[in-house]
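The next block holds one structure in the form of structure tokens; read it before the comments.
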Amino acid sequence: MIKLTNLTFAWHQKAVIEIETLHIQKSQHLFIEGPSGSGKSTLLNLLGGVLTPQQGSISILGQSLQQLSSSQKDTFRSNHIGFIFQQFNLIPYLSVLDNITLPCTFSALRKAKVLKRSESLNTEAKRLLTALGLTDPALLQRNVNELSVGQQQRVAVARAMLGSPEIIIADEPTSALDANHRQAFINILFEECKKEDITLIFVSHDTSLKNHFNQHINLPEINKANANLVTQEAV
Amino acid sequence: MAILSLAFKSLLNRKLTFFITLFSIAISVTLLLGVQTLKTETNNSFLKSISGTDLIIGSRGASSQLLLSSVFHIGNTTNTIKYDTYQKISKSPAVEWAVPISLGDSHKGYTVMATDLSFYDHFSYANKQHLSVESGKIDNDMFAVVIGSEVATKLNYKIGDKVIVTHGGGEIEGHHHDNIPFYISAILAPSFTSIDQTLVISLEAMEAMHTDNHNHFGALPGEQVLPSDDHQEHADHDEHEHHDEATHEEHADHDEHEHHDEAAHEEHAEHDEDDHHDEATHEEHADHDEHEHHDEATHGEHADHDEHEHHDEAAHEEHADHDEHEHHDEAAHEEHADHDEHEHHDEAAHEEHAEHDEHEHHDEAAHKEHAEHDEHEHHDEAAHEEHAEHYEHEHHDEAAHKEHAEHDAHHGHQDTQDQRVARLLKIKPQNINAIFVGLTSPQAVLGMQNYVNNFKEEPLTAIIPALALQELWQFFSIAEVALNIVTIFVVLVGLLGMLSIILMSLNERRREMAILRSVGARPGHIFGLIIGEAGFVCFAGILLGVALLYILLLILQAPLASYYGFYLDINMLTANDLLILAIIQISALLIALIPGWLIYKYSLSDGMSIKF
């Protein structure tokens, strides 16, 4: 479903990503292990179509990204991929509901999917929040900055899942959470992804989490550029 | 559209910076439009200062000076031109009307302008509007003054108040013509021209103030000038009495009295002309004349060394010689009666006199005095008789004075000695500063201008007001340009403030941009977000600025009109204003290209990576 072939991306003449091949199957929960500096955010940007590789190809859902214009890539991203970041996932000036429904602003496809399931975007957002354990209606009235980090991350999950994109990419989504919340968060994330049959790519340096996933990759192992970096540092 | 709604929500989230930017733009817009409005309104009120006048004629000199001094009462008055010139020009066939204008005096900083009544008929401003009277009535009296609305409100004057005119334009300097107080006969409605700050008097009065070369009139021969004007006449006659007693042997004195009498005659004549003076005054003046004649006659008799028994006849003869306008009977007191009632007289004139006299009190006294006088005439010596004569004379004048005072109470004004003398002298204007001319046809303007510019008897300049106003306005256009530049910079500063605020917010917003990118926003969306925000701020600033402008105009309209005589007409925004606003709006969007371009670059390089 996601296929990377001979992927090379260099930043200022310096190779950051060199991956020969990477295949991610549908409905897979993939854990990518990578310490900071291993090129994981570059990889995520490449997957999202925000960055364009100098060489190699990325194919997502059978669509080769290099065949798309940059704005088509933006649309493709919003149609098929939901992102969850480490923290501060939310737009501070938007309400909780507006934050959740934000992808529908840019993706007509996801909006259509939502409206097929629920009568309105907000109804669907509330349904997702309830499914994610945020049942307090008072939450909706609050400024997003007043939510706890755990609540913010669950709102981010709701946003990523709205309109059922095929893929969710989570970049260190639990690093700002304490152990209890981390476990609860991962459980909910897994549960919802299973329910919606979503392929989950979870990137983290926290190896203690990899046991939850049925597949895991150590990024420095597959990224040759990273190995080069290490060698250079050694020299 | 979704991006605009995001931009709007983003702005509302940062209320403080949003409102600061909004206000800085609003204030600059208010200032810019305010300056535009003031400029337009000043220009309008400037060009509206005079209308319907085809030519302004003054002595040869700069046309702007003539315009400024005659229409705006600004700057030095031009040299004078002869009143005869005015009369000649007004008789010119092309001239429909001509109004003489004389300037140079002031009252508490306000211009005093002398003209004649035709001024009110012909002077017009704005859309050929004539001056209108708010209260009182324009009085054709030599010492009546018509004041402009601002003069009335600022100095808190009302009809009947006394006004002293100062020579020269200054508020403190200059000679006070306090020997010639004016009474306010009318207050003009506001015209928002320089007339609002002007006091209008008669040309004759202006001349009167100046003919004495700024010395008080009071220096009639043989008299001592007294500072008080209230009972000067009375005192005056005391002086006469004293004088007569002491020095009646001096022949020179007699001459002086004759002179005085002539003056009295003139005064009398003047009162004849003056339709505001009633019969009573007239008669009182006649009385006065008569007594002075009598007095004079007595002196004359004395000088002639006539017998006392023949005094009446002699007196009569004297009167006949001197009086230009009355019939005289044998006795001086009969003549007096004649003045009073213009009745037939016989030898028993005293009684008839009593019967017919309107001024009973006075005349009774006079009669007694006359009787006494007669007795004395028959029995006493010359000196004694004269003494009695003067005694009577004094009483009579006192009474006359009272009557006079009563008459003048109509105006709440009492002529001072100088004013009476001025009336007596039948002063005619000699010089004026300018002539406002209306022509029979507009085609005649150039010909007439040419005629005036080549006037033989004295060097003159004729200007066409509308043209001269435009020319003069050109002079202000430098200031206008300077003002425009300043306001443009103010707007620029407002916009730069907006720019710096957006730029400063960019770094902290890169995370926001990354999130938006992750959910599918294109770099173009991010760019649009910034441009949209700037557009919103500027648009709101413009709306607020326009609202502030109108609020300001509404607040300032009344005080500007009442304190500065400047009428601010509140109009809709002109096409020019709208163009300016559009330029501001477009400038804001152009300026926002800078942060827009930066954020576009950031969003390309940052992608979804949250680096801040």
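The values are calculated or read from the model by the stated rules, or taken from the named source; none is laboratory data. The structure displayed is predicted, hence computed values, not measured ones. FYI the Cβ positions are ideal-geometry reconstructions off the backbone, even for glycines, and counts take in every protein chain you see.
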Restricting to segment B:1-10, and then to whatever is modelled with pLDDT under 85 and exposed (fewer than 15 other Cβ atoms within 10 Å of the Cβ), can you tell me which residue is farthest from the other protein chains (Cβ to nearest Cβ)?
B:MET1
Considering only segment B:560-598, state which residues are within 30 Å of the chain's Cα centre (by Cα), under 16 Å from B:GLY34 (Cα atoms) and not acidic (Asp, Glu).
B:LEU560, B:PHE566, B:TYR567, B:LEU568, B:ILE570, B:ASN571
Requiring at least 2 residues that are modelled with pLDDT of 80 or more, β-branched (Val, Ile, Thr) and closer than 15 Å to A:LEU43 by Cα, the strands (runs of 3 or more DSSP E) wholly within segment A:167-223 are A:167-171, A:199-204
Just the residues that are within 14 Å of chain B (Cβ to nearest Cβ) and out of contact with any Lys or Arg (no Cβ under 6 Å at 6 or more places or on another chain), please, taken from segment A:29-49.
A:SER36, A:GLY37, A:SER38, A:GLY39, A:LYS40, A:SER41, A:THR42, A:LEU43, A:LEU44, A:ASN45, A:LEU46, A:LEU47
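For (1) under 27 Å from B:GLU458 (Cα atoms); (2) among the hydroxyl-bearing types (Ser, Thr, Tyr), each residue gets a yes or a no:
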{"residue": "B:ARG14", "(1), (2)": "no, no"}
{"residue": "B:THR17", "(1), (2)": "no, yes"}
{"residue": "B:VAL29", "(1), (2)": "no, no"}
{"residue": "B:THR37", "(1), (2)": "no, yes"}
{"residue": "B:ILE89", "(1), (2)": "yes, no"}
Do we find that B:ASN13 is within 14 Å of chain A (Cβ to nearest Cβ), surrounded by fewer than 17 Cβ atoms within 10 Å (Cβ to Cβ) and out of contact with any helix residue (DSSP H, G or I) (no Cβ under 6 Å at 6 or more places or on another chain) in this structure?
yes
Among the listed residues B:LEU560, B:LEU568, identify the single one that is without any contact (Cβ under 8 Å) to a residue 60 or more places away in the chain, under 24 Å from B:SER49 (Cβ atoms), of a type outside the set (Gly, Ala, Ser) and crowded, with 16+ Cβ neighbours inside 10 Å.
B:LEU560
Tell me whether segment B:20-31 contains one or more residues that are outside the structural domain of B:LEU573 (by TED's automatic domain parsing), farther than 14 Å from B:ASN433 by Cβ and either among the hydrophobic types (A, V, I, L, M, F, W, C) or part of a helix (DSSP H, G or I) (or both).
no
Quick one: B:ILE164 ticks every box in (1) surrounded by 16 or more Cβ atoms within 10 Å (Cβ to Cβ); (2) modelled with pLDDT of 80 or more except a single one, so which number is it?
(1)
Return yes or no: is A:ILE167 within 20 Å of A:ILE81 (Cα to Cα) and among the hydrophobic types (A, V, I, L, M, F, W, C)?
yes
Of the conditions (1) in contact with a strand residue (DSSP E or B) (Cβ under 8 Å, 6 or more places away or on another chain); (2) over 30 Å from A:ILE168 (Cα atoms); (3) of a type in the set (A, V, I, L, M), B:LEU467 satisfies every one except a single condition; which number is it?
(1)
What residue, among those in segment B:496-518 that are within 12 Å of another protein chain (Cβ to nearest Cβ) and among the hydrophobic types (A, V, I, L, M, F, W, C), is farthest from A:PHE83 (Cα to Cα)?
B:MET513
Considering only segment B:16-54, how many residues are farther than 30 Å from B:LEU579 by Cβ and surrounded by 19 or more Cβ atoms within 10 Å (Cβ to Cβ)?
3
On the given criteria, is B:GLN419 at pLDDT 50 or above, part of a loop (DSSP other than H, G, I, E, B) and either over 25 Å from B:ALA114 (Cβ atoms) or of a type outside the set (A, V, I, L, M, F, W, C) (or both)?
no
Residue by residue through segment B:178-202, note down the ones that are of a type in the set (Gly, Ala, Ser) and not in a strand (DSSP E or B).
B:ALA189, B:SER191, B:SER194
Within segment B:601-612, how many residues are more than 12 Å from every other protein chain (Cβ to nearest Cβ) and surrounded by 14 or more Cβ atoms within 10 Å (Cβ to Cβ)?
1
In segment B:474-509, how many residues are part of a helix (DSSP H, G or I), among the charged types (D, E, K, R) and crowded, with 21+ Cβ neighbours inside 10 Å?
0
